[in-house]
1. Mean residue ellipticity at 222 nm from the helices of the chain, using -39,500 (n - 2.57) per DSSP H segment of n ≥ 4 over the full residue count, to the nearest 500 deg cm²/dmol?
2. Using only the Cα atoms of the stretch 59-109, construct the convex hull and provide its projected area averaged over every direction, in square nanometres to one decimal.
3. Measuring with a 1.4 Å probe in the full set of protein chains, what accessible area per residue, in whole Å², belongs to the chain?
4. Using a Gaussian network model of the chain whose springs link C-alpha atoms within less than 10 Å, name the residue from Val12, Val52, Val84 with the highest mean-square fluctuation.
5. Leaving ligands and nucleic acids out of the surface, order Arg7, Arg77 by accessible area at 1.4 Å, largest first.
6. What does the accessible area of Glu14 come to, in Å² to the nearest 10, when a probe of 1.4 Å is used?
7. Carbon and sulfur: what percent of the stretch 57-102's accessible surface (1.4 Å probe)?
8. Stretch Arg44-Glu88 to full length: gain in nm at 0.36 nm per residue minus the Cα-Cα span?
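The values are calculated or read from the model by the stated rules, or taken from the named source; none is laboratory data. From a predicted model like this one, the values you see are computed outputs, not experimental measurements. We place every Cβ from the backbone using ideal geometry, glycine too, and count neighbours over all the protein chains shown. SASA here: full protein model, heavy atoms, side chains in, ligands and nucleic acids out. Shrake-Rupley method; radii C 1.70, N 1.55, O 1.52, S 1.80 Å.
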Amino acid sequence: NEAQLLRDRGHVEEAIVKFKQAIALDPRHSAARTALGELLLKIRRDDEAITVLRAAVDKNPTYSLAWYDLAFALRTRGQFAPAVDAYEHYIKLKPGDPDPYYGLGRALQHLGREGERRLGQRHTVHRG
């Protein structure tokens, strides 16, 4: 894919344009939306990334990677309650994956939900 090649070569703005073109051609293209969201996160355009990733999960609520990236982006921006919701969606789709439990635990900690945080940590230890 041309957008990915541009991204990999460091042509960030050109890659963003190509990802947006791919999405315009196929609005349900979850991989392109998620890749665009990830790229926007890397260049610290977090608010744009969140908008793109929310659209990705709205268009395809079973695309797990979009939920994971959305959860990370929300937690990074201090939006802890929506981050918890996004992590929980991801976990429902990928119950055997230990990766989301650290981020989930951090978000729960910021919300003062310590008991739930400890449960997430135990899950990580047992699955990790």
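1. Rounded to the nearest 500, it is -24500 deg cm²/dmol.
2. Here the figure is 3.1 nm², rounded to one decimal.
3. 57 Å²
4. Highest fluctuation of the listed residues: Val12.
5. The ordering from most to least exposed comes out as Arg77, Arg7.
6. Here the accessible area works out near 100 Å².
7. 52 percent
8. 13.4 nm
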